[in-house]
């Protein structure tokens, strides 16, 4: 518009008033700014409407966890043995989507240490989501100590199973004590003991101790902090010496020395527990007395000792 106005002013100079031309150009600049603002706000409105639509679809399509079929509350000692069974289990993330995991039959005996490995998208994290009830199986069921997890109240299920995620969350504005002991069931001595066992107390102490606001931790320190949480949760189970522990790439961001320390803590503190450990790389899972499961496209491609599984993997790759 400014170019057209200037062109007209030049072509009809005799009838053009310089003052009016200045007012016209000023008005054009103002309108241009208003149009830019209009386009920005319109784009933001479309983005917001898209977000509202996705939230609405999520609310409509996601089954409620308050399903009446999930009302079982097992005994206080559950799980007291740690036997995990997969019976003809398959699952998908929507009714129209194909299955992302399919396990016809798998029995993990009590006190076994299981490492689940495979490529990205092979179904490793989905396996843990099924055990914790975050994803409901399309067919079949997962049974822990003769109780189907799909029938247990979700809150009770996740309270009884201890999970250490890959990304440890921190609640801003809360103290170290409130972050590490979320249910406020442990004494300060137990909290300090847990932080000392995982090798994090010196760092926490130097930054103000338990009463200080939660300091910023690196991703590796966050994973160590999550292990301290797991210890406190395990110690709070007075009537439950045995249980099930789930780790989702829990040491992926730690260096070798910290990885070994965390492994020693798990071996000492969770002796007798059934442990599922997710590992992306097969080479990183070599431990004694462990079962290694390699997933491929949601199915069990190999199961056995480290030597057996890596031998099968090398054979497949060579072919």
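Couple of notes before you dig in:
- Test: residue in the range 70-86 that is within 23 Å of the chain's Cα centre (by Cα) and exposed (fewer than 10 other Cβ atoms within 10 Å of the Cβ): no
- Hits in the range 119-161 - residues which are buried (at least 17 other Cβ atoms within 10 Å of the Cβ), on the phi > 0 side of the Ramachandran plot and over 17 Å from the mean Cα position of the chain (by Cα): 140, 145
- Checked against (1) assigned to a helix (DSSP H, G or I); (2) more than 28 Å from residue 270 (Cα to Cα); (3) in contact (Cβ under 8 Å) with a residue 40 or more places away in the chain, residue 36 passes all but condition (3).
- Being touching a residue at least 12 places away in the same chain (Cβ under 8 Å), assigned by TED's automatic domain parsing to the domain that holds residue 222, surrounded by 13 or more Cβ atoms within 10 Å (Cβ to Cβ) and in a loop (DSSP other than H, G, I, E, B) is a description that applies to residue 111.
- Within the option set 184, 155, being assigned to a loop (DSSP other than H, G, I, E, B) and out of contact with any strand residue (DSSP E or B) (no Cβ under 9 Å at 6 or more places or on another chain) holds for one residue only, 184.
- Looking only at the range 268-285, and only at residues there that are modelled with pLDDT under 85 and in a helix (DSSP H, G or I), the one that is surrounded by the fewest Cβ atoms within 10 Å (Cβ to Cβ): 283
The values are calculated or read from the model by the stated rules, or taken from the named source; none is laboratory data. This one's a predicted model, so the numbers in the text were calculated from it and none came from an experiment. So basically every Cβ, Gly included, is an ideal-geometry build from the backbone, and we count neighbours across all protein chains shown.
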